[in-house]
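Worksheet for the structure shown next.
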Amino acid sequence: MEAIKTQLVVLGGGPGGYAAAFYAADKGLKVTLVEQDPRLGGVCLNRGCIPSKALLNATKLIGEAQESAKRGIVFAKPQIDLSTLRAWKESVLQKLGQGIAQLAQKRGVQVINARGHFESAHQLRIETPDGQGFIEFEHAIVAVGSKPALPKIFDLGNPRIMTSTQALEIEEIPQSLLIVGGGYIGMELGTVYASLGSKVVVVEALDSILAGADADLVRPVMAYAKKAFQEVRLKAKVVQMSTAGKQIRVTSQFNGEDREELYDRVLISVGRVPNAEDLGIENVPLTRDDKGFIKVDTQQRTNTPNVFAIGDIAGGVMLAHKAAKEARIAVEAITGEASSSSHVVIPAVVFTDPEVAWCGLTESEAKAKGIQVKVAKFPWGASGRALTLDRTDGLTKLIIDPETERILGVGIVGHGAGELIAEGVLAIEMGATATDLAECVHPHPTLSETLMESAEVFFGHATHTFIRKTEPK
Amino acid sequence: MDVKLPKLGEGSETGVVVSILVKVGDAVTKGQTLLELENEKSVAPIPSTASGIIQRVNVKEGDKVGVGSVLISVAVDGESNAPTPSAPSSPLASESIQRTEVSHTAPKYAQEPTPPIAVDPSHGAIINPSPAAAPSVRKIARELGIDLTQIRGTESGGRIVMADLRAHIDRLQKLAFAPKAIPGRGQSTPAESIDFAQWGIVTRKPLTTLRKVISRRMCENWTSIPHVTQFDEFDITPLLALRKEFAPAYEAKGARLTLTPLIIKALISTLKQHPIFNASIDEVLEEVVLKHYYHVGIAVDTEAGLFVPVIRDADTKSLLELSRDLETLATKARDRKISAEELKGGTFTISNQGAIGGSHFTPIVNKPEVAILGLGRGTLKPTVVEKRIEARTLLPVALSYDHRLIDGGSAARFIVDLQHNLSNLTPADLKLA
């Protein structure tokens, strides 16, 4: 096979990789995209964001139907046909995957289904089903992503001990499910399985679920979990697991005592590790940090000037939209534009019930860093829209610089928080002040009003809530 | 014991080692100058923080060092001579940051980089540490190589909008096309070396670092400031009589009452009447900075060259304190024991050549100050007093000022008021408490 010559090779076809390939092609570069999975889209499309949201949305109805009874609309107990649910989910992935493949084709991006291995800073060896080949490139973008961590003590080779990848396949609805790790993946999948009827127990080593989110935003999710899950154990630790017939025997420590329990299935969601092995990284060579992520500068450039890294493999928050933004930054750096990742606001969304979303500075971060801020909160109990939705378990808060009154951070918990947070991102990126947000008319009755009203809370004159002024004027 | 680079003063975190005065094995005493460091403002001696033997010199001439860098290790008297482990002077954080931001190679299809707008690097003050601006504005700023931390936003919350960016670019362009200060070394093509030996015997020796700094500063001040020098002669006959009367009392307190502290007293009153003489021009922001403090620089002639130590808050000090300060600073300057801090922050400078002799001269304004007062030696001259000729002591006075900020009329009024304030000094002013 003759070596392929290309201006840019992108290794990895996830939301970072294909975004980079497409943008570079749109800018006129000759681009080759190498992906080992037959379907483009990476973890996000195949084993992450998309399938989990499909399942969350499908199963949400179960809980909503139950809730509906108190409003006088009563449904019969739902019948769950797992194979149809799986097929529907798969059809969503199929549609999206095909869409990406078509978009690649239309742009003239050469997509190669192969494993890639760097031979040098200008050559990538590819292993395809048809044999070995080589790609000579001027620039490379490494976007190989991450995978769920599976610590050795849990890796018994037993399929009943799952990571998110297997859990999303929903082979069965286990009677009992232990989730190790109360981060966003554990909490989201816990929500899916709890809706389907599993007895879910979450074990979290820290003193709170959803690490990184402010405590007041986590509270409604915790309230839901206490109701829908069998148990959420904080400051708890799983120390041992073993196979016990068709179950898993789990030894854990909680409240100072050891427990031994049997679970039908266990989900390990204790974080993600970079896919840095067997890539030929040492042949480029690329410098990695102590956790194995590739080190990059503010233009996503590695220590080897013509090689860039984006998305999960470059470390930081492991979110698809961060990868997509880094894709644009890297491509612009390659085409000689002055791009930079500094001061980019990356929102975070957790699709639990209710959803949690935040962006910019959080209240706890401000406290930890000693940054002077004012926090304005608007509880959803005062929102007409939240009441009509019967979802008053929400809160919108703004983190404001007391001097300039600029909005430094936005946090939302509640129904549809993931959709609402985008306005917060815009406000922070634009350097908007609380006045700007308060002055913009928001449609009534919508949940978006809570953003405007929380800005008004800051000034002490929100219409739908009353705040007694503590500082005499 | 490690001698680390102390904080040199506001906004000055780094310096270049210009000379090292000690070597390993030398015995040093506490306070003895170990090396000299140059930063944007001055050449400062770095004193030893302890007495002992020099164990290690961690820097060499020409090294750029930051605050906290270990410069020299001294085995303190009485301590063991075992070398103490010490980190080598760390490379500057700012340098390494810059390095990562520099793009390594220009790709073939990269656009031609925009030529950077020439800016005097000394105008790099951060005035907006966390600038708020829309992503589109930030993008353009990046493309033009403009640092938003140097722009003050005009919108609510200090947000920088396109108009602010444009105004900033305008300012930079004006600066770039303004007559450039000619640096005393580097950049400009060096003049050809002339072989003076062809016409006779010569001795050559390298310019000292201090001389190079003086040279650069003088060139910059002379070329960037449109100077005007206003001359006058002050009749100081009564003042000298007053001085003579009170000098013994000062002597008894261990201080020498010279003419200079008396001039400072009168000067402070005059500066308060004419605040524009106690000001600076902020060329970047196009603002006048009027200072409500009075730190008077005193030009001191030393063997090594010119030093201008600063008397802080001269307006709050008594004549006795001023006399003492003058003497201390002059001695320190001559012994090269003056700290960098003591050379900074002056608001107005006095250059008094009276002790040496001479008459009028045209002093060069000490940037960023806007005026300087040059004094010659008072001499007896036939003077008309009440229509009769009398022998009076006249003091040659020369006021150089920055005509960008100060007009001739203001300078004339300043001189008149200064003379008035000087002749208005009374025994009550000189009397010791």
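Values quoted throughout were computed directly from the atomic coordinates according to the rules given, and no laboratory measurement underlies them. Here the structure is a predicted model, which is why all the values come from computation and not from measurement. Reconstructed Cβ throughout: ideal geometry from the backbone, glycine too, with neighbour counts over all protein chains shown.
Results, tabulated for the structure shown:
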{"quantity": "For A:298-307, mean number of other protein chain Cβ atoms within 10 Å", "calculated": "2"}
{"quantity": "Distance cut-off 16 Å, percentage of C-alpha pairs in the range A:188-241 lying past it", "calculated": "43 percent"}
{"quantity": "Partner lysines for residue B:30 [C-alpha distance under 18 Å; skip if fewer than 8 residues away on the same chain]", "calculated": "B:4, B:332, B:337"}
{"quantity": "Stokes-Einstein D (µm²/s) once Rh is taken as the Kirkwood radius of the protein assembly as shown over alpha-carbon pairs, at 4 °C in 1.567 mPa s", "calculated": "38 µm²/s"}
{"quantity": "Span per principal axis, largest first, for the Cα atoms of the range B:227-430 (Å)", "calculated": "54, 39, 32"}
{"quantity": "Long pairs among A:322/A:369; A:295/A:367; B:265/B:344, criterion Cα-Cα beyond 26 Å", "calculated": "A:295/A:367"}
{"quantity": "For residues of A:404-412, the mean tally of beta carbons on other chains within 10 Å", "calculated": "2"}
{"quantity": "Cross-link partners of residue B:23 among aspartates and glutamates (Cα-Cα below 13 Å; sequence separation of 8 or more within a chain)", "calculated": "B:61"}
{"quantity": "Spatially proximal aspartates and glutamates relative to residue A:60 (Cα-Cα < 20 Å; intrachain offsets below 8 disregarded)", "calculated": "A:81, A:90, A:169, A:171, A:172, A:188, A:231, A:353, A:355, A:390, A:393, A:419"}
{"quantity": "10 Å Cβ neighbours from other chains, averaged over peptide A:428-435", "calculated": "6"}
{"quantity": "Against the rule of thumb 2.2 N^0.38 Å, how large the Cα Rg of the range A:287-374 comes out", "calculated": "1.26"}
{"quantity": "Helical mean residue ellipticity (222 nm; -39500 (n - 2.57) per DSSP H run of 4+; nearest 500) of the protein assembly as shown", "calculated": "-9000 deg cm²/dmol"}
{"quantity": "The range A:152-270: relative contact order as a whole-number percent, Cα under 8 Å and 6+ apart", "calculated": "34 percent"}
